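The values are calculated or read from the model by the stated rules, or taken from the named source; none is laboratory data. Since we're looking at a predicted model, the values are computed, not measured. As a convention, Cβ positions derive from the backbone with ideal geometry for all residues, glycine included, and neighbour counts pool all protein chains shown. Ligands, DNA and RNA are stripped out before the accessible areas are found, and what is left, the full protein with its side chains, is counted by its heavy atoms. Shrake-Rupley method; radii C 1.70, N 1.55, O 1.52, S 1.80 Å.
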Amino acid sequence: DAKKKGKGQVVFCSEAMKKDVREKMILTNSLHRALERQEFYLHYQPKVAAESLTMVGCEALLRWEHPELGLVLPEVFIPFAEQNGLMTAVGEWVLITACAQNKTWQDHGFKPMPVAVNLSVEQFRGDLTTMVQNCLTQTGLEPRYLELEITESIAMEESQDVIETLHQLKALGVRISIDDFGTEFSSLSRLKDLPIDSIKIDRPFIRGIGVNPKDESIISVMINLAKKLGLRVIAEGVETEAQLIFLKEKGCDEVQGYYCGRPVSAVDFEALK
Ligand code: C2E
Ligand code: MG
Ligand code: MG
Ligand code: MG
């Protein structure tokens, strides 16, 4: 906002700005401790078949209960964690926790279904394949019950290392999907070369259903293209019945969103299963 005030004007730090800086410092300092203090936990959100509305899987979503600030959402703290090189360790905790939870559910007689885990770009700089393999071995979860969600920007990395890693992961037998698909539209031609199983259409497009015909056209094209490439399509952020009906009509395979179930604790999730 300093820019708006024009040249030559002295801009004092407002109380709000000071509070912001203070909170960022608290966040960064306490993030280093959060793992050992066991302040992280996971929520699980159902993925539902568009046709039958039966649950076909879930996504694990990271939560941080800060002792003073309370619940901090991933969009706030993950950028800090990445800047501080913490997402490799945190991501490993997420993966092992989600795999162990999914195995426990199977052992308790719930219908086996994949759990999806989000990956940070930082995790691709280490030995991700070995880490994933170790998680599967340690927890005893079969690879087909693990799905890895990578962002479109990871999928579009030109780096040969990233592509190589994706092929290694695929060879382990896990599923791979591209998250938040459609925001970097340049990606279409790359899809044919990547070892992926599905794409997840990003929420902003879904929000346009019934509102913006252009969003509806883009969704239709994305679904058709994905189908022709043999990929499954999941819609994110489905909040209304009208959105669900549109997506079903267009041939979308799965939906995820508040309309079908919010992210909840592992215990609450069992009641949905
Ligand atoms: P994402 O992977 O695209 O996850 C979907 C986000 O949309 C989640 O936000 C979910 O709570 C929210 N959501 C689901 N359905 C609806 C809906 O109907 N309406 C609206 N408005 N929102 C909905 P959340 O849990 O805050 O996570 C935000 C992002 O943080 C995730 O986006 C993912 O990119 C990242 N993230 C979360 N957990 C992890 C993790 O363990 N590792 C990494 N690397 N990233 C994570
Ligand atoms: Mg995701
Ligand atoms: Mg997403
Ligand atoms: Mg997202």
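Across segment 188-273, the relative contact order, built from alpha-carbon pairs under 8 Å that are at least six residues apart, equals 28 percent.
For K214, the solvent-accessible surface computed with a 1.4 Å probe is close to 150 Å², ligands and nucleic acids excluded. The magnitude of the dipole of segment 1-138, with charges of +1 and -1 set on the Cβ of Lys/Arg and Asp/Glu and taken from the Cα centre, is near 560 debye. Under the convention that each Lys and Arg Cβ holds +1 and each Asp and Glu Cβ holds -1, the size of the dipole of the chain around its Cα centre is about 480 debye.
Packing around the peptides 263-272, 147-156, taken as the average count of other Cβ atoms within 10 Å per residue, puts them in this order, highest first: 147-156, 263-272.
Give a quick list of GluC sites (Glu not before Pro) in segment 55-117 that DSSP marks as loop, anything other than H, G, I, E or B, with at most 13 other Cβ atoms within 10 Å.
E68
Restricting the trypsin sites (Lys or Arg not before Pro) of segment 102-161 to loop positions (DSSP other than H, G, I, E, B) with no more than 15 neighbouring Cβ atoms within 10 Å leaves nothing.
The string of couplings for segment 135-148 from the Karplus curve (6.51, -1.76, 1.60, θ = phi - 60°) is 4, 5, 4, 4, 8, x, 7, 5, x, 5, 9, 10, 10, 10 Hz, one whole number per residue in order, with x for Gly and Pro.
Shown in residue order for segment 149-164 are the 3J(HN,Hα) couplings computed by the Karplus curve 6.51 cos²θ - 1.76 cosθ + 1.60 at θ = phi - 60°: 9, 10, 6, 4, 5, 5, 4, 9, 4, 6, 4, 5, 4, 5, 4, 4 Hz (x for Gly and Pro).
Among F181, F77, F205, pick out the residue whose Cα is farthest towards the positive end of the charge dipole of the chain, where Lys and Arg carry +1 and Asp and Glu carry -1 on C-beta, about the Cα centre. Result: F205, furthest along the dipole toward the positive end. When the C-alpha to C-alpha distance is required to be over 27 Å, the pairs from K103/K228; K200/K273; K47/K227; K47/K192; K47/K250 that qualify are K103/K228.
Out of all Cα-Cα pairs in segment 39-169, roughly what percent, to the nearest whole number, are more than 26 Å apart? Everything past 26 Å amounts to 26 percent. Relative contact order for the chain: 18 percent, from Cα pairs under 8 Å spaced at least 6 residues apart, divided by residue count. What the phi angles of segment 198-212 give under the Karplus curve with 6.51, -1.76 and 1.60, with θ = phi - 60°, is a coupling list of 8, 10, 10, 5, 5, 4, x, 5, 5, 4, x, 5, x, 10, 10 Hz, glycine and proline written as x.
Charges were assigned to the Cβ only: +1 to each Lys and Arg, -1 to each Asp and Glu. The resulting dipole of segment 187-273 about its Cα centre is roughly 320 debye.
Largest GNM mean-square fluctuation among L53, L128, L62, using the chain with Cα springs under 10 Å: L53. For segment 21-107, the list of chymotrypsin sites (Phe, Trp or Tyr not before Pro) that fall in a loop by DSSP and count at most 11 other C-beta atoms within 10 angstrom is empty. Based on the Stokes-Einstein relation at 10 °C and a viscosity of 1.306 mPa s, and on the Kirkwood radius from alpha carbon pairs, segment 126-206 is assigned a translational diffusion coefficient of 119 µm²/s. Projecting the Cα atoms of F40, S30, S52 onto the charge dipole of segment 5-86 (Cβ charges, centred on the Cα centre) puts S30 farthest toward the positive pole.
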